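> Please find one structure pasted underneath; my questions will follow.
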Amino acid sequence: MAWFRRDKETDEKPQPANGERRVRTEGLWQKCEGCRQIIWKKDLESNWNVCVKCGWHSRIDALTRVKMLLDDGEFREFDCDLRSSDPLNFVDAKPYSERLRAMQEATKMADALIAAEGTLAGRTVQLCSMEAKFIGGSMGSVVGEKIARAIDRSIAQRDPLIIVSASGGARMQEGAISLMQMAKISGALMRLDEARVPYISVLTDPTTGGVTASFAMLGDLNIAEPGALIGFAGPRVIEQTIRQKLPEGFQRSEFLIKHGMLDAVVARPQMKSYIAKALDFFCGPVTP
Ligand SMILES: [Zn+2]
C-alpha cells in the first residue's frame, strides 16, 4: 500500500537566452495524431493528453488516470504484490515469465492494473485502472483477482466502484485461466448489484476482447472517452466472417453510442465531474 500525491508542474517553456542561438527542443513537442499539428508537450500534459486544438484523446497511463480522478491525486493502493505464477509455463516468442519481468521493469507495475481507494469529489470510491502498456493491458489472473478484491471492498464498505478499462482482452499466455476471470468478475459484479452499490465502467482506447465481453459492458453506467476503439473481435475478423465491408467509424465510441451500446461519451477533462454527478444521482449527495 502506498500514498501518492501529484507533483506541481513547474517546467516552463524555454526562452532563448541572449547570445544563445540554439534551444534544446528535442522531445518537447509532439505531433497530434488527430490534427497533425505540432503541440507543446507541456500544454498537452496539462490538459490530460487531450489536444487543445482538435480534442484528440491520446492515451494516458494507469497511474495518471488514478491521479486525474481522485481528489488531490491521493490514493491508497491495494494488492501491489500480486504476481502471476505463470501456471502454464507458457512460451511464445519468449517465455511468459521473461516477458512479465521485462514488463514489470519497464512499467514499474507488477501487472496491468492499479487497484486504488480514494475520494472522488469527497466520496470514497474503489477505483481500478488498467495499463494498456503492460502486455497490451491484457487480463490475466492478477488483473482478475485485483478487480474481484476491489469489488469485495466495494460491497463491504458500500463504496461505489469505478473501473477504467484499457485492454486488448484476455491474456493468452494464461490460457483458460485468463478466460475464467471473466466469469469470476461478472459473478462478483452480480453480488455488487444485489448489494445495490453502483458500478461505473469507463471505456478508454482500446477496450476489446474479453474485457468488453465481461466487466467493461456491465456497468450501471458505461461511459466512453471520445474516439476510443471498443469492440470484441477486430474489424478484419468481422469483415472476413460476415463478408461485408464495415461502415466508417465502426467500433469507435461515437458509432457505439448511436447504436445503443453506451450510455455516454464524455471528454476526459469533464470525466471526473461527470462521474461525481452520476454518483450524486445514484447515492445522494455526499454528507460531510
Ligand atoms: Zn489535435
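> Filter the range 179-209 down to residues that are over 15 Å from ALA150 (Cβ atoms) and surrounded by 22 or more Cβ atoms within 10 Å (Cβ to Cβ), then give me how many there are.
The qualifying residues number 6.
> Given (1) closer than 16 Å to VAL142 by Cα; (2) open to solvent by less than 60 Å² (accessible area, probe 1.4 Å); (3) free of Cβ contacts under 8 Å to residues at least 40 places away in the same chain, identify the lone condition not met by ARG101.
Of everything listed in (1) closer than 16 Å to VAL142 by Cα; (2) open to solvent by less than 60 Å² (accessible area, probe 1.4 Å); (3) free of Cβ contacts under 8 Å to residues at least 40 places away in the same chain, ARG101 misses just condition (2).
> Between GLY144, GLY249, GLY136, GLY227, which is assigned to a loop (DSSP other than H, G, I, E, B) and surrounded by 15 or more Cβ atoms within 10 Å (Cβ to Cβ)?
GLY227
> Can you tell me how many residues within the range 147-182 are of a type outside the set (Val, Ile, Thr), assigned to a strand (DSSP E or B) and in contact (Cβ under 8 Å) with a residue 60 or more places away in the chain?
1
> Could you pull out the residue among ASP43, ASP81 that is at pLDDT below 95 and within 19 Å of LYS133 (Cα to Cα)?
Criteria check complete, one pass: ASP81.
> Right, here's the next one. Against the condition closer than 23 Å to ILE163 by Cα and touching an Asp or Glu at 6+ places or on another chain (Cβ under 9 Å), how does ILE257 come out, does it pass?
yes
> I've got another one for you. Can you give me the number of residues within the range 48-74 that are open to solvent by 40 Å² or more (accessible area, probe 1.4 Å), within 16 Å of the ligand (Cβ to nearest atom) and within 18 Å of the chain's Cα centre (by Cα)? It would help to see each step written out before you state the result.
Filtering the range 48-74 for residues open to solvent by 40 Å² or more (accessible area, probe 1.4 Å) gives 48, 52-54, 56, 59, 61, 63-64, 67, 72, 74.
Now restrict to residues that are within 16 Å of the ligand (Cβ to nearest atom): 48, 52-54, 56, 59.
Okay, now just the ones that are also within 18 Å of the chain's Cα centre (by Cα), so 48, 56, 59.
Selection size over the range 48-74: 3.
> Please go through the range 27-47 and pick out each residue that is within 14 Å of the ligand (Cβ to nearest atom), aliphatic (A, V, I, L, M) and open to solvent by 40 Å² or more (accessible area, probe 1.4 Å).
ILE38, the sole residue that qualifies.
> Condition check: modelled with pLDDT of 70 or more, more than 16 Å from the ligand (Cβ to nearest atom) and not small (Gly, Ala, Ser). Does ASP11 satisfy that?
No: the conditions fail for ASP11.
The values are calculated or read from the model by the stated rules, or taken from the named source; none is laboratory data. Predicted, not measured: the structure shown is a model, and the values here were computed from it. Using ideal geometry, Cβ is built from the backbone for each residue, glycine included, and neighbour counts are taken over all protein chains shown. Ligands, DNA and RNA are excluded from the accessible area calculation, which covers all protein heavy atoms including side chains. Shrake-Rupley method; radii C 1.70, N 1.55, O 1.52, S 1.80 Å.
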